[in-house]
Amino acid sequence: MRLWLLLFSLLSTIHSWGLGDTTIQQLPAHYADRVQAKAASIDASLNKKTAQYIAKLNKIETRILAKLQKLNPAKAATLSPSPYDKWLGNTGAPTNYVPGLDTMRTSLAFLQQGSSSLSGASTQVNQLQGNLNQAGLIDQYIQQRRQELAGLLSQYSNLPPGVTNEFNEYKETAYYYRAQLQAYKDMLNDPSKLEATALTVLNKVPAFQQFMSRNSILASLFAAPPGGMGAGALPVNLGNLQTRSQVQQAIQQQLAPGGPNAQQALQQQMQAAQGQLQSLQQQATRYASSGSSSDMDLPPGFQPNTQKTKTFLQRLEYGANVQFARAAYDFPATANLGLTLGYKINDKSTVGVGLAYTAGMGTGWNHIQFSNQALGLRSYIDWKIKKTYYVIGGYEENYMTAFSGIADLRDRSAWQPSALMGVEKKYKISSKVQGNIQLLYDVLYAEEVPRGQAIKIRVGYNF
């Protein structure tokens, strides 16, 4: 809390920043370090993914053209060579507007006025902006190339075997590249808690508001007034707005003394205004999104896998569940506690592993005694069948003998297998937490010693 109070004081007196106060000099760098790390991570991933997608598209196109040349070399030669690599290093002007990145860039430029130590963060953010511009140009070229390939294929009445499948793979790859770019933009538009706090403080500073209105990418779309577009810069009095008829009447009154020349001058001014409006529309189109993946020409029956655009860590799913068993024979009642780690293969299925611990709780309310009863290793896979219902299966190895230490677990003969299959119901608890109930049947329950449970019910949560 003290840190942000000092930061607020710093920004309120930005013109009086001094180089002697080391604490003040470090405050903007604390925010900048997070921004720089985030920009560097996204930038590295963006460059890696772009190179991978370009290489894959190039290979697919090469295979398509090789098959077409065998059929009709003359037609195949009408398609110009594919210069995918020429777009690498070509940053150009921004092809779309990313609010989060614009805010990063402008806020760092504002803070840099009082601290030269922020130049590294600013350089990294500008580099990311350049690579996003490059990726946008590559995406546009890929869509253009897809249309060129489609035009070439339409000239063949009987396509060689596999060409249609190859072209469908090309379209799917183009889809995922655009979706990947959108995922990076979404990450930039989702500030961390520290970033959000810093921006909240900055937005309370009039100097920052004026700086933002003059230096942001969004401001470049419009002609900002000399004093910026901050509070009070554009006084508005809606009560004095004229109606359409009043405007037309005023124009006629102004034109009447000037005769026909006045009419011609007005027409020229209107044409100039329309030209400026078209220019503004072109800029807005250039900065707008380069198109969504949903409006692309996709193969019939294609079901996008949204997990492909996520990082490895984002595809991990953490879980915990519990299962109870009554006391039987000479064995106590037990509580089986499990921890799982899953990996989302696609939007419908997850594979994972887990670790389970079974605690003995005694033989009744009058005889409660905790003990180590079992330890288990789990593997599982689930598959969505309808809405929130899943089919689930798994294989487990359980150490079914009470143990006092890790050394006891080395006895391989005491480990017993379980083969489980059943259904699972998942339900939403919050945006990040999901509950689940599993009804499982153990195919190998009769072979367990002591005899195991045929039906198992587990209740748990996924994060």
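The values are calculated or read from the model by the stated rules, or taken from the named source; none is laboratory data. Since we're looking at a predicted model, the values are computed, not measured. In this analysis, Cβ positions are derived from the backbone assuming ideal geometry, glycine residues included, and neighbour counts consider all displayed protein chains.
Taken together, the residues in region 154-166 that are in contact (Cβ under 8 Å) with a residue 60 or more places away in the chain and part of a helix (DSSP H, G or I) amount to 2. Does any residue of region 190-207 turn out to be closer than 30 Å to GLN144 by Cβ, at pLDDT 85 or above, of a type outside the set (Asp, Glu) and touching a helix residue (DSSP H, G or I) at 6+ places or on another chain (Cβ under 7 Å)? No - not one qualifying residue is present in region 190-207. Scanning region 181-197 for residues that are exposed (fewer than 15 other Cβ atoms within 10 Å of the Cβ) and over 16 Å from GLN36 (Cβ atoms) returns ASP186, ASN189, ASP190, LYS193, ALA196. Within region 60-83, one or more residues are over 30 Å from VAL201 (Cα atoms), of a type in the set (D, E, K, R), at pLDDT below 90 and in a helix (DSSP H, G or I).
Checked against the criterion of being touching a residue at least 40 places away in the same chain (Cβ under 8 Å), touching a helix residue (DSSP H, G or I) at 6+ places or on another chain (Cβ under 9 Å) and of a type in the set (Gly, Ala, Ser), the candidates ALA402, ALA414 yield just one match: ALA402. Inclusion of ALA446 among residues that are out of contact with any Gly (no Cβ under 9 Å at 6 or more places or on another chain), small (Gly, Ala, Ser) and modelled with pLDDT under 95 is not warranted.
Of the residues TYR399, TYR390, the single one that is crowded, with 18+ Cβ neighbours inside 10 Å, more than 22 Å from ARG451 (Cβ to Cβ) and either modelled with pLDDT of 95 or more or assigned by TED's automatic domain parsing to the domain that holds LEU444 (or both) is TYR390.
Quick test of your reading of the structure: GLY435 fulfils all but one of (1) surrounded by fewer than 16 Cβ atoms within 10 Å (Cβ to Cβ); (2) farther than 30 Å from LYS310 by Cα; (3) modelled with pLDDT of 95 or more. Name the failing condition by number. Single failed check for GLY435: (2).
Inside region 181-199, can you point out the residues that are in contact (Cβ under 8 Å) with a residue 12 or more places away in the chain and closer than 19 Å to ASP139 by Cα? Hits for region 181-199 are LEU181, GLN182, ALA183, TYR184, LYS185, MET187, LEU188.
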